[in-house]
Each structure stands twice: as C-alpha cells, then as structure tokens.
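The values are calculated or read from the model by the stated rules, or taken from the named source; none is laboratory data. Predicted, not measured: the structure shown is a model, and the values here were computed from it. Quick reminder, even Gly has a Cβ in these numbers, built from the backbone with ideal geometry, and neighbours come from all protein chains shown.
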Amino acid sequence: MIVGLVACGKAKRPTPCAAQDLYTGSLFVMQKRYVQKHCATWAILSAKHGLLDPKQVVAPYDTTLAGMSKAARDTWASRVRNQLTARYPGGVFVVTAGALYCTCLAGLPHHEPLKGLSMGRRMQALQL
C-alpha cells in the first residue's frame, strides 16, 4: 500500500476539528492534494500528536519539531515509526514533509519527492 505522509502546519483553525481541516497553510493544502492524488491513503505527521488520521479531531496547538531538543525529536521519531508500522504493515511511504519530519522513516521504505527543494520549489512541484 502506498501511504502519503504530510507535515502539520503552523497556520491552524482556532477551534478543534478534523486534522485534515485543522491546518490551513498553503503548503499543507498543497501537500494534502498531492498525496490524495498519488497515494492509496494518507496521514499527517504532527509534532504534538505523532501520526494523525486525517479524520481525527484535534485542537489547535503550538508544538514544533524545530522547537524540540534532539532527544525529544528522536523520541518523537521512534513513536511515529512504531505508529506507522502498526497502522500500515508493509506500507511504502511517500513523504512531502521536510527533513525533520522524515527522521521518523529511518529503516522504512519511503520516497521523498521534494527532498532538497527550497520552500518555493516545493510549492511549485506540488502544483504539478
């Protein structure tokens, strides 16, 4: 199964809602459209919650991976890796998230179509 993984975003709705609707930034919306078009299913990599099902209801939050210590990011990555292997055994992951989010994929089969691209180039690529 091909599973798309997108990163959460800073811009959020002010009240709890489905994760797929919580994040309102342009990059998130573009990532979501890309994985919905190219993958069998998709999920969200959340700095606070780990792996989120798009329909899971969550409240807005201000946690970022960049704001975490290396040890906390490593713990987050291990937790998400466990969530991914439990939810999608044998899955192959297509990840549009940035480098910090991709740390959770160590040892898992994955493809990063936007790897190494600047923010502007990422948004350009996602529009294709």
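Things to note:
- Any hit, segment 33-52, residues being of a type in the set (Gly, Ala, Ser), over 27 Å from SER78 (Cβ atoms) and touching a residue at least 24 places away in the same chain (Cβ under 8 Å): no
- Just one of (1) assigned to a helix (DSSP H, G or I); (2) out of contact with any Phe, Trp or Tyr (no Cβ under 7 Å at 6 or more places or on another chain); (3) surrounded by 13 or more Cβ atoms within 10 Å (Cβ to Cβ); (4) not aliphatic (A, V, I, L, M) fails for PHE93. It is (1).
- Residue count, segment 5-51 (criterion: among the basic types (Lys, Arg), out of contact with any Pro (no Cβ under 9 Å at 6 or more places or on another chain) and farther than 16 Å from ALA125 by Cβ): 2
- Restricting GLY4, GLY25, GLY9 to residues that are under 23 Å from PRO109 (Cβ atoms) and not β-branched (Val, Ile, Thr) narrows the list to GLY4.
- Of all residues in segment 1-10 being within 15 Å of LEU45 (Cα to Cα) and assigned to a loop (DSSP other than H, G, I, E, B), the one that is nearest to the chain's Cα centre (by Cα): CYS8
- Qualifying residues in segment 96-112 (those that are in contact with a helix residue (DSSP H, G or I) (Cβ under 9 Å, 6 or more places away or on another chain), assigned to a loop (DSSP other than H, G, I, E, B) and without any contact (Cβ under 8 Å) to a residue 40 or more places away in the chain) - the one surrounded by the most Cβ atoms within 10 Å (Cβ to Cβ): GLU112
- Yes/no for GLY120 being loosely packed, with under 12 Cβ neighbours inside 10 Å and in a helix (DSSP H, G or I): yes
- Residue in segment 12-34 that is nearest to the chain's Cα centre (by Cα), counting only those that are among the aliphatic types (A, V, I, L, M) and modelled with pLDDT of 95 or more: ALA19
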